[in-house]
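Heads up, the thing below is written out as structure tokens.
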Amino acid sequence: MIEFINLKSQYQKMQKEILEATDRVFSNASFIGGKDIELLEQNLSNFCGAKYAIACSSGTDALLLSLMALDIKAGDEIITSAFSFYATAEVIALLGATPVFVDINDDDYNINASKIEEKITPKTKAIIPVSLFGQTADLDAINQIAQKYSLIVIEDAAQSFGAMYKNKRSCSLTDLATTSFFPAKPLGCYGDGGAVFTNHESLATKIRSLLNHGQTQRYKHKYIGLNARLDTIQAAILNIKLKYFQNEINTRQDIAQIYTQRLATKTKTPVTKDDRLSVYAQYCVRVSHREKLQEALLKQGVPTAVHYPIALFAQEAFSHLKINKNDYPVTNAVCAEILSLPFSPYLSVEDQNKVITEFSKAIS
Ligand SMILES: *Cc1c(COP(=O)(O)O)cnc(C)c1O
């Protein structure tokens with residue numbers, strides 16, 4: 001069976017350095033905070049160009065902390081994409097606010113910026129564009145709308161750390177941005193992890209406090225917060241992985257290009273806009289008869305995945321919102337047809353050839 005994301009090969013390459021780094025953390029018996037976390041935050045900030053990088057416990061908590069820092073509460077509305085991982089909308093509802101979903105583009109699967117304005121009401125507080133599958137949304141257009149209506153923009157960059165938009169990095173382009181270090185993301189750790197990015201000092205200070213029980217000094221608590229710290233061990237691992245990350249991003253381009261060259265006549269391959277560079281968190285194609293195709297591929301040892309089969313508004317947890325699914329024709333079509341192929345910077349030439357051969361057979 002081909003590895004869907006080949007994290008085993010990645011570990012083999014970095015094993016010596018990772019074992020040294022983790023052994024140092026174990027030997028120092030300093031598991032929370034410390035130099036590794038500080039160094040990671042510096043490295044993340046240097047990499048993406050955001051002034052402040054704040055490490056935290058997951059991509060979900062990074063989103064939650066961002067909304068908490070803005071005092072989002074019951075009655076507020078937050079505009080976001082109808083097509084994302086559940087967490088994007090979950091955190092909005094967790095704070096009692098209402099997610100307001102916008103349909104997506106048919107090419108890059110990101111929020112359709114031209115449909116945002118019609119959803120803005122006096123209750124709207126923020127927009128969360130998701131930079132899906134490793135490609136940023138149209139952030140200039142979204143920032144412009146936000147400015148016009150005095151809204152905050154939070155880029156959900158869980159899948160796009162390292163991506164570029166007009167020669168700038170994802171995570172540096174909006175009031176706030178969040179990413180995830182879940183193992184399967186472009187920059188993954190060895191468990192759960194995440195980070196928040198901002199250029200605003202006051203938001204950075206508040207988020208730092210919120211992720212540590214709202215503490216401002218030892219045993220002095222200004223806010224109702226969370227325990228949402230990143231483990232030191234994960235920071236030590238990420239500091240190693242970051243050294244290889246730009247090379248991995250380059251390899252991702254090469255592997256994606258080969259897929260696209262050889263599959264474009266057989267299926268709809270990913271569209272990367274001219275002013276963007278994708279980190280291909282997923283390499284997605286569009287197919288009909290998806291389940292039959294997946295079964296046939298699996299029989300040949302080619303695993304596939306579906307990101308995502310169900311639109312956010314169609315989730316049971318949001319049924320009380322009584323959203324009309326007919327308002328989301330593109331999301332509905334994409335949910336039915338999208339298919340992720342095995343992809344990582346460690347996909348071997350032989351494995352990629354096999355995916356292409358078997359996919360081509362199965363689709364005809
Ligand atoms: C993975 C993901 C999240 C959540 O990140 P976790 O680290 O798993 O909590 C949020 N949004 C998107 C778009 C994601 O892909």
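Quick one: in the range 193-206, which of the residues that are more than 16 Å from the ligand (Cβ to nearest atom) and of a type in the set (Val, Ile, Thr) is surrounded by the most Cβ atoms within 10 Å (Cβ to Cβ)?
Among residues in the range 193-206 that are more than 16 Å from the ligand (Cβ to nearest atom) and of a type in the set (Val, Ile, Thr), the one surrounded by the most Cβ atoms within 10 Å (Cβ to Cβ) is 198.
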Residue in the range 243-260 that is without any contact (Cβ under 8 Å) to a residue 24 or more places away in the chain and either farther than 19 Å from residue 186 by Cβ or touching a strand residue (DSSP E or B) at 6+ places or on another chain (Cβ under 7 Å) (or both) present: no
Among (1) assigned to a loop (DSSP other than H, G, I, E, B); (2) closer than 30 Å to residue 140 by Cα; (3) within 16 Å of the ligand (Cβ to nearest atom) - the single one residue 190 does not satisfy: (2)
Positions within the range 25-83 being over 30 Å from residue 118 (Cβ atoms), within 16 Å of the ligand (Cβ to nearest atom) and not in a loop (DSSP other than H, G, I, E, B), in sequence order: 40, 44, 53, 54, 55, 56, 61
Test: residue in the range 169-183 that is farther than 27 Å from residue 18 by Cα, of a type outside the set (Asp, Glu) and in contact with a Lys or Arg (Cβ under 6 Å, 6 or more places away or on another chain): no
Filtered residues of the range 174-187 (kept if of a type in the set (A, V, I, L, M) and within 10 Å of the ligand (Cβ to nearest atom)): 184
Subset of the range 98-138 [within 16 Å of the ligand (Cβ to nearest atom) and either in a strand (DSSP E or B) or among the aromatic types (Phe, Trp, Tyr) (or both)]: 99, 101, 102, 104, 109, 111, 126, 127, 128, 130, 133
Lone unmet requirement of (1) within 30 Å of residue 336 (Cβ to Cβ); (2) touching a helix residue (DSSP H, G or I) at 6+ places or on another chain (Cβ under 9 Å) for residue 4: (2)
Selection status of residue 57, in contact with a Pro (Cβ under 8 Å, 6 or more places away or on another chain), of a type in the set (Gly, Ala, Ser) and buried (at least 20 other Cβ atoms within 10 Å of the Cβ): no
Residue satisfying all of: in the range 84-97; within 10 Å of the ligand (Cβ to nearest atom) and either of a type outside the set (Val, Ile, Thr) or in a loop (DSSP other than H, G, I, E, B) (or both); farthest from residue 214 (Cα to Cα) among these: 84
Candidates 136, 88, 124, filtered to the one that is surrounded by 24 or more Cβ atoms within 10 Å (Cβ to Cβ) and farther than 16 Å from residue 312 by Cβ: 136
Scan of the range 224-251 for residues that are under 12 Å from residue 68 (Cβ atoms) and buried (at least 16 other Cβ atoms within 10 Å of the Cβ), ordered by number: 225, 226, 228
Residue list for the range 166-187, restricted to those being assigned to a strand (DSSP E or B) and either buried (at least 24 other Cβ atoms within 10 Å of the Cβ) or within 11 Å of the chain's Cα centre (by Cα) (or both): 176, 177, 178, 179, 180
Any chance residue 142 is at pLDDT 95 or above, within 16 Å of the ligand (Cβ to nearest atom) and in a helix (DSSP H, G or I): yes
Test set (1) in a helix (DSSP H, G or I); (2) within 24 Å of the chain's Cα centre (by Cα) - residue 15 fails condition number: (2)
Hits in the range 309-353 - residues which are assigned to a loop (DSSP other than H, G, I, E, B) and within 18 Å of residue 99 (Cα to Cα): 310, 311, 315, 322, 323, 324, 328
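The values are calculated or read from the model by the stated rules, or taken from the named source; none is laboratory data. Treat the numbers as computed from the prediction; the structure is a model and nothing was measured. So basically every Cβ, Gly included, is an ideal-geometry build from the backbone, and we count neighbours across all protein chains shown.
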